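Notes follow the structure.
What follows is calculated from the coordinates using simple rules that are stated; it is not laboratory data. Keep in mind the model is a prediction, meaning the values are calculated, not measured. Neighbour counts are summed over all protein chains in view; Cβ atoms, including those assigned to glycine, are modelled from backbone coordinates with ideal geometry.
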Protein chains: 2
Amino acid sequence: MANPTPVATIEKYARAWNEPDEALRRGLLDDAWSERGRYTDPAADVVGRDALVRHIVGFQQRFPGTRIELASGIDSHHHAVRFAWRMIGPDGAVTVEGMDFGELGADGRLERIVGFFGPFPALAKD
Amino acid sequence: MANPTPVATIEKYARAWNEPDEALRRGLLDDAWSERGRYTDPAADVVGRDALVRHIVGFQQRFPGTRIELASGIDSHHHAVRFAWRMIGPDGAVTVEGMDFGELGADGRLERIVGFFGPFPALAKD
């Protein structure tokens, strides 16, 4: 069977962050996330699919009613991906914007995501 | 000796792209780039420091008089970095803008850079 496209994989990955049902979330990550994949953002560093399934529960509990949605298309080359995203609070306002960079394994699953919050920092002036 | 900061490492790495003298360029990459580091952009996939030293020559020969400069500050967490850059043609006009994501090894050298050209793609509308 052909690998899923990077777009299909990232869409499943993003859905996992919003899926409250653990079995469904695990199913999404079974498809989209490598068993040993590593997720890192400024506040977290999580190794393995099981750990990510649990990490997302923690996120959902800390920010009830918050959703994550893609804020750009998904760009990819050489099994690497980039996309922008935003976090939407229960009142519909954007609470955090950020960008993720990732790498896909030979089977098309994510082996690595590194997330950054906010825009690029300003260029330091001499 | 303490590791160099991510900022110092990225500044040396960026200087290497503009350094026409091979010995000086190699010296910059000795400090900033892991011996087995992998550089990937939409048009290239280069493994190892020696290969990157040579790849940059090719870039300089294809685009004579072109320089690369940082277009943002350098953001980092957990040994990961992001920054924006721009390519400046001989007439001073910006020819390409892009962004790089990278990972630093335990010794502070870059083990991975993945570059992307242009801004994030637009979000596909349903």
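At a glance:
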{"read-out": "DSSP bridge orientation in the protein assembly as shown - percent antiparallel, rounded to nearest 5", "value": "85 percent"}
{"read-out": "Chain A, closest residue to the rotation axis toward B, by beta-carbon, whole angstrom", "value": "A:PHE101, 2"}
{"read-out": "Inter-copy spacing of B:GLY27 label points, which lie 7 Å from Cα along Cα→Cβ, given in nm from shortest upward", "value": "6.1"}
{"read-out": "Copy-to-copy label separations for B:ASP91, where each label sits 7 Å from Cα toward Cβ, in nm and ascending", "value": "5.0"}
{"read-out": "Gyration tensor (alpha-carbon) shape descriptor, segment A:27-126, a/c threshold 1.5", "value": "oblate"}
{"read-out": "Distance in nm between pseudo-label sites at A:ASN3 and A:ASP107 (7 Å out along the Cβ direction from Cα)", "value": "1.2 nm"}
{"read-out": "Distances in nm from B:ALA106 to the matching label points in the other copies, shortest first (labels 7 Å along Cα to Cβ)", "value": "2.6"}
{"read-out": "Rounded, prolate or oblate (a/c below 1.5 giving rounded, otherwise prolate when a/b exceeds b/c) for segment B:36-80 by Cα gyration tensor", "value": "oblate"}
{"read-out": "Estimated vicinal HN-Hα couplings, Hz - segment A:31-44 in sequence order (Karplus 6.51, -1.76, 1.60; Gly, Pro = x)", "value": "7, 9, 10, 5, 4, 10, x, 10, 10, 9, 9, x, 10, 8"}
{"read-out": "Relative frequency of Cα-Cα separations exceeding 28 Å in the protein assembly as shown, percent", "value": "36 percent"}
{"read-out": "Estimated vicinal HN-Hα couplings, Hz - segment A:60-67 in sequence order (Karplus 6.51, -1.76, 1.60; Gly, Pro = x)", "value": "5, 6, 6, 10, x, x, 8, 10"}
{"read-out": "Spacing of the two label points (7 Å from each Cα toward its C-beta) at B:GLN61 and B:ASP21, in nm", "value": "2.1 nm"}
{"read-out": "Two-site FRET efficiency, B:ASP31 against B:VAL94, from Cβ-Cβ distance with R₀ of 22 Å, rounded to 0.05", "value": "0.20"}
{"read-out": "Inter-centroid distance (Cα atoms) of segment A:50-126 relative to segment B:1-67, Å", "value": "28 Å"}
